[in-house]
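Here's the structure, in structure tokens; my notes come after.
Each value in this text was obtained by applying a stated rule to the coordinates, not by laboratory testing. Bear in mind the structure is a predicted one, so any value in this text is a computation, not a measurement. For neighbour counting, all protein chains shown are included, and Cβ atoms are generated from backbone atoms with ideal geometry for every residue, glycine included.
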Amino acid sequence: MRKIIGKILPYVFTGGICFALIFPKLALSANASSLAVENLYPSPTGVIATPYGGNIESLTLIKVYIPLISKTFPPDPTTSWYMETVNTEMLLSLGCQLGNRDRELSGQQDSIVILDFDSPTYTSGVYGANLFGYGPVSTSAVAAAVKFFGAGYYNCVYPDRASTIVIAVGTNNCDSTTCSGAAIDGEYYAHGAAWAVMVNEIGSYFVTNGYYPQVRAYGASDIEVGWNDYYTTRQWVDGYDSINNWPMFNFGDAEGCPQVRTGENSGCANGWYQYTIWYVSGRGGVNSSSPLPLIYAKDGANGRQWYSLSAYGVDLQNGRLELQGAVTQHLACSQRICPPGTNNSPQEGYINLYSALNSDPDTSQPLKWSTDIGYSGW
Amino acid sequence: MNERIDSKRNIWGVAILIVALGLVSMLVFQFVLAKDIPANRNCEGTEIEMFRTQLALIPGSDLSKRKKVEEKITAWETMAAICKSATPVTDIQIVTPQFTQISPAPFVTGVFEGQPGAYFHAFEAKIENHWKGIVNGNRVIVFAGAWVKDPSQGFIAVQTAPKKGKPIWGYYPSAAKLGALRIVDTKGSRLIIQSANDKDVLFFDVPALSFVNSLDEVVTPSTPTDIPVTIQPTNIPYPVP
């Protein structure tokens, strides 16, 4: 017996060491997740209903690391920010945080970060953003802030020059009655164009200074059906689309939209229809927008709403609506109060949306990004 | 006996060699190949492809739209050329854009309609109005409204903004379900709140961060701290949006 053990033991030892070397992240997946976000999130559990009835098993968070391949599912989420300041020192630091994170994560990262500067403003002839009640600030100030964020990332991600980020420079469609700082009645188209000019300037800066393609800036708007009507919102999107050199994202909602494939242009909340959300989310590639929606509901409703929208594209337009990823508000809900059932973790939100889209072969698609948003502070 | 010892030594020697090779390959694959500086920078990325796709989708009869997209493609071809000729900062060199410092906008105090910014999503809460003031040197915003899914539950939410750091939030539902709350007047930093039924009047003391019984009741100021708040589920199930 001792002879057999003596012969086998070296091979067992070697095999164990090799396994641990090749697959270290199986042991460290929980800790690896904590690099990406401020809070640890539990693995999602439970079943997810499909639009056709019946359930599918929820997809379990699995992190497997192989030296040459470092893909995780769901993707490591980034932290996005509701910006309450344009302090360049803070923006440099936030960018550096993300750079550190991408450098420390194994393999090449491809991430999105939303910097949401709040409602559009037009004050004393100057276009800008509301900064959640701490503004307004001009688009020049917003541009400066984003450039510092990009510089912070670029500095701190070194020597990793393979990872990339897209900075989505965000505003929203909240009207001046709901959000008193929003002061652009009658100027939505012009503000959209001004926002595109700002994003063009930021993008040119990154190109000219060699940050691109590692660092890019796109436009973005949190388009929520309950905040404004379609016709006003569309003016902003059309204004952006008139002069932009860079894409934009709609990181809003589809409140009240159906959660099953209807085969028709169904109604949503506040007078919106699926056609109108499809329009502000890119018109199937005709304009420069694409959806990166907020997936907040723990019951899976948001994933199903966007599945229904993607299927609308198949049934009545030029093909399935292509989505970029999922946004959650778990951090924001840990900072301010949220109603129960609206604080998906980034993993839950991503799997929610991915499962719904891939429950139907006509809408089946990959989802590139995952990000969770919170308040920046000062 | 000596042959057995030699055989065991050979086996352990091979094992150690394999481990060493594994460590070296881990280092090579993980830290060099995965993070290597790309030899060629792809300056024609997805952006120009997006505009080419748009051009293909725009009807031939829509000349003005086609012209605009063609101009964007031309602009991108110029940018791609700049990108290829730009010298990226590859050394560990800190770059900092040079810009004029922006002074923060003044914090205007008073009572205002709606919410100060898009804090609460439309599917979450209807904020009737808000108060902005300075309390103990800190900027404070007090929100008054009700939950969308439970409109009978009015609440006050308070955000305290430190000079540096994250905002501190507090949530103060009305004890009775009186509908949406609204700030109708102020006396210093004591707010007079009316309920949706126009019958009930409440008082909220901002320094004390609590409802009080009257406009003149003396209370001890509180220090805002992050209180883990959970909303108790109501009998109304959270409806599917």
Filtering the range B:111-128 down to residues that are in contact with an Asp or Glu (Cβ under 9 Å, 6 or more places away or on another chain) and surrounded by fewer than 19 Cβ atoms within 10 Å (Cβ to Cβ), which residue is farthest from the other protein chains (Cβ to nearest Cβ)?
B:111
Residue count for the range A:324-378, restricted to those that are without any contact (Cβ under 8 Å) to a residue 40 or more places away in the chain and of a type in the set (Lys, Arg)
1
Look through the range A:179-209, keep the residues that are free of Cβ contacts under 8 Å to residues at least 40 places away in the same chain and under 30 Å from residue B:116 (Cα atoms), and return whichever of them is surrounded by the most Cβ atoms within 10 Å (Cβ to Cβ).
A:180
Within the range A:91-110, work out how many residues are of a type in the set (A, V, I, L, M) and away from chain B (no Cβ under 12 Å).
2
Candidates A:221, A:308, filtered to the one that is among the polar types (S, T, N, Q), under 27 Å from residue B:66 (Cβ atoms), crowded, with 20+ Cβ neighbours inside 10 Å and within 13 Å of chain B (Cβ to nearest Cβ)
A:221
Just checking, which of A:296, A:212, A:275 is free of Cβ contacts under 8 Å to residues at least 12 places away in the same chain and under 23 Å from the mean Cα position of the chain (by Cα)?
A:212
Determine whether residue B:168 is in contact with a Pro (Cβ under 6 Å, 6 or more places away or on another chain) and in contact (Cβ under 8 Å) with a residue 40 or more places away in the chain.
yes
Find the residue count for the range A:167-191, including only residues that are within 14 Å of chain B (Cβ to nearest Cβ) and either under 14 Å from residue A:138 (Cα atoms) or within 22 Å of the chain's Cα centre (by Cα) (or both).
11
